Structures are given as structure tokens and as C-alpha cells.
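In what follows, a single structure is set out as C-alpha cells and then discussed.
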2 protein chains.
Amino acid sequence: MCELLGMSANVPTDICFSFAGLMQRGGGTGPHKDGWGIAFYEGKGVRCFHDPNPSVDSRIANLVKEHPIKSHVVVSHIRQANVGKVTLENTHPFQRELWGYTWTFAHNGQLDKALFNKQLSYYQPVGTTDSEFAFCWMLGEIRKQFPKRPDNLSELSAFIQTLAEELRELGVFNMLLSESTALFAFCGSKLSWITRCAPFGEASLTDCDMTVDFMKETTPDDIVTVIATVPLTENENWNIINPGQLVTFVKGLPT
Amino acid sequence: MCELLGMSANVPTDICFSFAGLMQRGGGTGPHKDGWGIAFYEGKGVRCFHDPNPSVDSRIANLVKEHPIKSHVVVSHIRQANVGKVTLENTHPFQRELWGYTWTFAHNGQLDKALFNKQLSYYQPVGTTDSEFAFCWMLGEIRKQFPKRPDNLSELSAFIQTLAEELRELGVFNMLLSESTALFAFCGSKLSWITRCAPFGEASLTDCDMTVDFMKETTPDDIVTVIATVPLTENENWNIINPGQLVTFVKGLPT
């Protein structure tokens, strides 16, 4: 199993605080020692850091933790390998281009081998994980259904939900997916989110001794949603997504 | 104009020394202040660092310079913008997947606007550079010509050469392209390479006061080729690629 971390915000925001908590689970407070990755969207651009080494002692993870990269959508993952060896090509998040947008995908869970019987169309996996295969299949189906980017986001969300439900029939499937403007969060079994906006308060990480006063870090107009497999803070009320439900976030808010 | 840096090696090798020289040109000894990027292949996997800020004072560039990431193929680029704003999505190298391989592309030069009349097929640009458009067109043509990965590398090299020649008719087109095993280096106007193998000697960077004794850094079986727009060292004999010529490197050697 793995851990997911996502962010959607209405202004470029750094995720250093939440990332610091997540990284502790990569070989520290959690068993997810088989690599980690994080994608930061800045406009349509995206920068991605991947490391097949445990996050807790990764120098690159330290850079991400200390270097505030401002972003409006983040997709991150730390891995405990089940299907696929511990290699760079098997390290989430995975990326492909569709409609001139870079799509980013991370998965928590495990899917039955029957997954690999699904017919792929435009996209082929580079590595050997069930996750990347599922992503290639999903994106190919989206491309067939919508040869051009649809104007209507809810139509796209509804289609992604049907694909995610189909994958969920094959096992555990929690997912974060984005194309730069929207963050699609599907809960197969376990996924939580919290929206922070004014008046901001303090938050304390569950996984390490770290507290942040968001009032000092934000402006009154900021809206920031953080999505995680398990709530990252101990003194806030997180929303639990129901299994089988997809929530689409845009500019920090569920749509 | 921009600067290219590539590496092909028969064993995982770090490029810290050459990268240190290149980074000086990003706002230091050169005018290439509009971002930089580097892709490291490790097996079929690839990790990529992108930064739209000048490399000479980039914290991420410092990490890459000091943190020896061992790789057998590297594609790197520092940018002086001509076509396309200075944004993350316009920062080389660009990547797309074909045949279950991640292709990486970086371009030095500038192409006529007529480029944008070319018909794209499978791949669409995310940003607005001539370079990414050219890459999308090339990869789409490769995909049409070879729906499956050809067994014969020279057949693929020859086809890439014809595409590169067609682009060269539109302006300045120096290119590095890789799918993880081969590094395709096309010289439109300016591109040099050097192969280092036993007996290894010392090399001194042109762009900063730094000398390395490769004898201490290598084993006798290592074969490492470095490709750059302009030779990076002052005391070695670099090979100049003829304009219009494509050289394909595999495991550190030209094929």
C-alpha cells in the first residue's frame, strides 16, 4: 500500500508543511520505503521529482521539503511496493500528455491481474506496475471518449468516475489525477480532504513534531485544499470521502 | 540560442563535472538565463529536473551539481528564450511516451513560423515553443512510420535523420533525443562530442576553475561520451559533428 497527497489551491501555494508530514511515512513513521514522487503544476507546466529511495532520508525530498515551490495543483505519492520492482520507472506519479495537457496520476491500492487483460489504445506503460497500466488504460478511454478537451468539466468528471468504478471492481483503487486545472480524487477505500481558508488557524502534524500557523503563511483570499490517504494533522476536522465517490477540486474547492 | 548537453555511457555515470560547466553558462559565463532542465535515464525510468530560473543561481541546479545521480543517458538544456515565454511548460527537455518508452528531447536553435503549419498527429504541445512543436511532430511521424518499436536501430536512426533534415530547412536545428537506450544527436549548425575511456586523463572546464582526474572517478571498462553545443573542456580534443549529420550513441559509443 502507499500514501497519496494532493493539493488544489486558488493561488500558488507551497506544500512544504504537508509534504514534511508525508515524508516521515516514507521509512520513518510508515513503511512506505520504496520510493516517492511529487508533481507541481505551475500554469500548464509541471515539474516532477521522482526518487526510488526512501523519502525519509532522500536528499531530493529534503530539497522539496525546504524549498517552497509554489503551485496550484500538487500530486504526490510514497510507495510501498506490491506489484512491480522498486525502480525509477515504477515510481509514481506517472505522466502522459492528452489535448496538450500533461496529465499526472498516482494510485494507492492494488488491482487484480485481470487488469492486464484490458485493451490499451494510445498509451503504453513504461514500467511494470498495475498503477501505470491502469493510468494508461484510463487516459486512452478518456481520449477515445473526448477526442477534444470538453468544455464541460462535470461531463469529464462523470466519465472519469465510471472508469474509476470499473477499476475499483478489480481491487483497491484510490487515485489522484490532474491535467493542471482540476484535481480528480477518487476514493476506493480511504481518502480524506480538508479545505483551509480564512480565518486560518494553527495545524499540527500527526507524523512529526511540527506546527504551522497558516495565518502567517497566507492571505485572507487564499483557499487551499489538501487531500491525503489519512489525515495529516491531529487538530483539524478532515472530510472523509465515501468509497466509490469522486470529488473534483478546482482552485481549492470541490466542484 | 541555447546550450545542449548530453551523455551516453556503458555504465551508470554521474555528469556532475560537465553539468557544473554548463550551469555556469546559465547567467554566469553565458546569456542562457531563461531556465534549464536535465533528464537522467536509469534503465527505462527517467527523472527530470526543470527550472524556469537561471541555472547559475538555482538551488535545484546546485543539488544536481553536487548530488551524483548515476545514469547511462542524460539530456540537458539551458535556455535563452526566443520563441515562447519563460515558463515551466516552455522549459526543455520535453517528454512523451512512445512504445512504452519515455522519449526526451532538447533543441538548440530557432525554426521558422512555417513549422506550425505541419500537421500534428498523436502528440500536442503543452507550451508555445517551436522546439516542443517540432518534437511533437517528429514523434508523431516516428509513431506513424513504426507503429511498433523496430528491432533495427539503424533503420530508426535513418528515419530520425530525414525528419531532422526536414526541420533544419526551417532554421537552426541542433537536437538531442533519447528513448533510454540510444542517444540521437543531430547537428544543424553546432554540436561536439568526446568519448572518454581508458587510459583516462585529467580534464579542465572552460567555464569555471575546475579540473577532474577521470582516472580516479572511473574503472578501466568505463566508456562515456559527452555531447555539447560547444566543447566544455579546454585540454581535450572534441569531435565536431558536421552540419546535417546525425550521430547515434549507444552505451557510450557512436554506432
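The values are calculated or read from the model by the stated rules, or taken from the named source; none is laboratory data. Just so you know, these numbers come straight off a predicted model, no measurement behind them. Using ideal geometry, Cβ is built from the backbone for each residue, glycine included, and neighbour counts are taken over all protein chains shown.
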Might you let me know whether segment A:90-97 holds any residue that is part of a helix (DSSP H, G or I), crowded, with 23+ Cβ neighbours inside 10 Å and within 13 Å of chain B (Cβ to nearest Cβ)? yes
Any chance segment A:61-75 includes a residue that's out of contact with any strand residue (DSSP E or B) (no Cβ under 6 Å at 6 or more places or on another chain), at the interface with chain B (Cβ under 9 Å from one of its Cβ atoms) and assigned to a strand (DSSP E or B)? no
Given the conditions (1) within 30 Å of residue B:118 (Cβ to Cβ); (2) among the hydrophobic types (A, V, I, L, M, F, W, C); (3) touching a Gly at 6+ places or on another chain (Cβ under 7 Å), every one holds for residue B:214 apart from (1)
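Yes/no per residue for (1) hydrophobic (A, V, I, L, M, F, W, C); (2) surrounded by 23 or more Cβ atoms within 10 Å (Cβ to Cβ); (3) within 14 Å of another protein chain (Cβ to nearest Cβ):
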{"site": "A:82", "(1), (2), (3)": "no, no, no"}
{"site": "A:106", "(1), (2), (3)": "yes, yes, no"}
{"site": "A:128", "(1), (2), (3)": "no, no, yes"}
{"site": "A:161", "(1), (2), (3)": "no, no, no"}
{"site": "A:175", "(1), (2), (3)": "yes, yes, no"}
{"site": "A:179", "(1), (2), (3)": "no, yes, yes"}
Do we find that residue B:139 is within 14 Å of chain A (Cβ to nearest Cβ) and assigned to a helix (DSSP H, G or I) in this structure? yes
So, residue A:21, is that one at positive phi and either more than 14 Å from chain B (Cβ to nearest Cβ) or modelled with pLDDT of 90 or more (or both) or not? no
Might you let me know whether segment B:108-127 holds any residue that is outside any loop (DSSP other than H, G, I, E, B), in contact with a helix residue (DSSP H, G or I) (Cβ under 9 Å, 6 or more places away or on another chain) and acidic (Asp, Glu)? no
All but one of (1) closer than 22 Å to residue A:48 by Cβ; (2) in contact with a Lys or Arg (Cβ under 7 Å, 6 or more places away or on another chain); (3) within 13 Å of chain B (Cβ to nearest Cβ); (4) not aromatic (Phe, Trp, Tyr) hold for residue A:121; which doesn't? (1)
Qualifying residues in segment A:142-159 (those that are within 22 Å of residue B:123 (Cβ to Cβ) and aliphatic (A, V, I, L, M)) - the one farthest from the other protein chains (Cβ to nearest Cβ): A:156
Give the number of residues within segment A:242-255 that are surrounded by 16 or more Cβ atoms within 10 Å (Cβ to Cβ) and touching a Lys or Arg at 6+ places or on another chain (Cβ under 9 Å). 1
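Quick one: in segment A:41-60, of everything that is of a type in the set (Gly, Ala, Ser) and facing chain B (nearest Cβ under 7 Å), which residue is surrounded by the most Cβ atoms within 10 Å (Cβ to Cβ)?
Once the filter is applied, the top-ranked residue is A:45.
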Within segment B:207-255, track down each residue that is in contact with a Pro (Cβ under 7 Å, 6 or more places away or on another chain) and farther than 19 Å from residue B:106 by Cα. B:238
